[in-house]
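Below is one structure; the comments refer to it alone.
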Amino acid sequence: QVQLVESGGGLVQPRESLRLSCAASERAFRIATMGWYRQTPGKQRQLVATITRGGITKYADSVQGRFTITRDNAREAVYLQMDNLKLEDTATYYCYAKIANSWYDEGTDYWGKGTLVTVSS
């Protein structure tokens, strides 16, 4: 069973940086879109950034110019470089992947268990 394992969260001061990593626990048939979402208490989980298998990226307006999403298809991994962090970036960050298990499979959404990022002065 494929699992998404995140790492890299922690406590950081404003304007500093963190790099989040996520990798599939085992070889998947095909991983399409991967990405990062975040959630704070009392709010819905929101998109941070996504990246297609071909490298097309999408970012939330609030993180454009500060965050960079990349992926390594061979390693089945996705990364989020978070620069110039702000207080409002504090959240639990969840890794996402749409994974197909056959040629006829449209893909299933997979989620990591989350990694906490706290931005505080």
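Here, each number is a calculation from the coordinates, and none is a lab measurement. If you're wondering where the values come from, they're calculated on a predicted model, not measured in any experiment. Glycine gets a Cβ as well: all are built from the backbone with ideal geometry, and neighbour counts include every protein chain shown.
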Cα-only radius of gyration and Dmax that characterise the range 51-104, units Å: 13.3, 43
Kirkwood Rh (inverse of mean 1/r, distinct Cα pairs), the range 6-48, angstrom: 13.1 Å
Formal net charge of residues neighbouring E88 (Cβ-Cβ distance under 15 Å; K, R +1; D, E -1): +1
Given charges at beta-carbon only (K, R positive; D, E negative), |dipole| of the chain in Debye: 80 debye
HN-Hα J in Hz across the range 12-27 - Karplus 6.51, -1.76, 1.60, θ = phi - 60°, x for Gly and Pro: 9, 8, x, 6, 8, 10, 9, 10, 9, 10, 8, 9, 5, 6, 8, 5
Karplus (6.51, -1.76, 1.60) ³J(HN,Hα), θ = phi - 60°, over the range 44-58, in Hz, Gly and Pro reported as x: 6, 5, 10, 5, 9, 7, 9, 8, 7, 4, x, x, 7, 10, 9
Distance-filtered residues of the range 19-40 - backbone nitrogen under 18 Å, label point 7 angstrom along L11 Cα→Cβ: 19
Cleavage-rule hits (GluC sites (Glu not before Pro)) in the range 54-118: DSSP loop, at most 14 neighbouring Cβ within 10 angstrom: E106
Förster-model FRET efficiency, 41 Å R0, R19 and T108, C-beta, rounded to 0.05: 0.90
Charge tally in the Cβ shell below 12 Å around T108, where Lys, Arg are +1 and Asp, Glu are -1, T108 excluded: -1
Fraction of antiparallel bridges per DSSP, the chain only, in percent to nearest 5: 95 percent
Peptide ranges 10-18, 111-119 listed from the most packed, as the mean C-beta count within 10 angstrom indicates: 111-119, 10-18
Rounded to whole Hz, the Karplus (6.51, -1.76, 1.60) HN-Hα couplings of the range 109-119, x for glycine and proline: 7, 10, 10, x, 7, x, 9, 7, 10, 10, 10
Cβ crowding within 10 Å averaged over residues, with 64-73, 38-47 ranked highest first: 64-73, 38-47
